[in-house]
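Peer 1: Before I ask anything, let me first share the structure, which is written out below as C-alpha cells.
Values quoted throughout were computed directly from the atomic coordinates according to the rules given, and no laboratory measurement underlies them. Remember, predicted model here, so these are calculated numbers, not experimental data. Heads up, the Cβs are rebuilt from the backbone with ideal geometry, glycines too, and the neighbour counts pull from every protein chain shown.
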Amino acid sequence: MLSKLESYFTPRWAFMIAGGVSAALLGGAHAFENFGGLEPCLLCLEQREIHWTALTIAFLGTGASFFVSDKRIIAAVLAVLTAVFLWSTIRAGFHAGVEWDFWDGPMACAGGTPTVDPGNISLDSLQSSGLAGPPCEVAAWRMLGISMAGYNALISLALAAFTGAAAWRLVKDVLPAKVEEEGAVS
C-alpha cells in the first residue's frame, strides 16, 4: 500500500496531480460564478490568478519531466510550484480571516453601490466605485462552516505538502549521488 502511495510522489505524477487539482479548483470557481451566480470579489480573483500560475507551472513541469534528465532542474520547478501553493494558502487564509472578521480586508474590497462620474471614467475610479465586485468580508457560500476561501487554503496547503514532498524525495535521490561523486574526485 505504501509503495503504491509513494509512486504518486514522482515528479511527473506530482505535476499532473497538482495541475489537475488547480484546474478543478478553477473550474469549480468559474462554475459557481457562471452557473451559481456567485460573483467573485477581488480576493477571490487574486486566488484564481495564483492557481492559473500553478496550473501553468504544473503543465510546464509535466512536459519538462519527459524531456529534462537533470533531476535538480525538476526539483527546482517542484520547489517553485510548492512556493506558489504556499502563497495560495497564505492569500486564501487571509481571505478566510477577512470573512470571519479576524482582520480587515483591502480597501478595494469594500464593494457597495457604484458611484462613477460618467465624465471621468478611469481604472482608478472604477476600482474605487464598487464595481470591483462584492465585498470580500461576505462569504458567498459555506459548507460545514468553511467558505470557498477556507477550502482553497486547506487544499492549497495539501498541494504544497504534496509537491514539497515530491521535491524533497527527488532532492534526496540527487544528494547522495552528488556526495559520492565529490568523494570519488577528492
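Peer 1: Using 0.36 nm per residue of separation minus the Cα-Cα distance, give me the extension gain between Val80 and Thr56 in nm, one decimal.
Peer 2: Full-extension gain reported as 7.5 nm.
Peer 1: From the phi angles alone, apply the Karplus equation (6.51, -1.76, 1.60; θ = phi - 60°) to the stretch 95-108 and give each ³J(HN,Hα) in whole Hz, x where the residue is Gly or Pro.
Peer 2: So the Karplus estimates, Gly and Pro as x, are 4, 4, x, 5, 5, 8, 6, 6, 7, 7, x, x, 4, 5 Hz.
Peer 1: Sort the following peptides by mean Cβ neighbour count (other Cβ atoms within 10 Å, averaged over residues), highest first: 20-26, 62-68.
Peer 2: Descending mean neighbour count gives 20-26, 62-68.
Peer 1: Around Gly27, what is the net charge, scoring Lys/Arg as +1 and Asp/Glu as -1 over all other residues with Cβ under 12 Å from its Cβ?
Peer 2: 0
Peer 1: Which length gain, in nm to one decimal place, applies between Glu39 and Phe67 when the Cα-Cα distance is subtracted from 0.36 nm times their residue separation?
Peer 2: Residue separation times 0.36 nm, minus the Cα-Cα distance, leaves 6.0 nm.
Peer 1: Whole-Hz ³J(HN,Hα) for each residue in the stretch 21-28, computed from phi via Karplus 6.51 cos²θ - 1.76 cosθ + 1.60 with θ = phi - 60°, x for glycine and proline: what do you get?
Peer 2: Working through the residues one at a time gives 5, 4, 5, 5, 4, 5, x, x Hz.
Peer 1: To the nearest 0.05, what FRET efficiency results for Trp141 and Ala23 with a Förster distance of 25 Å applied to their C-beta separation?
Peer 2: 0.80
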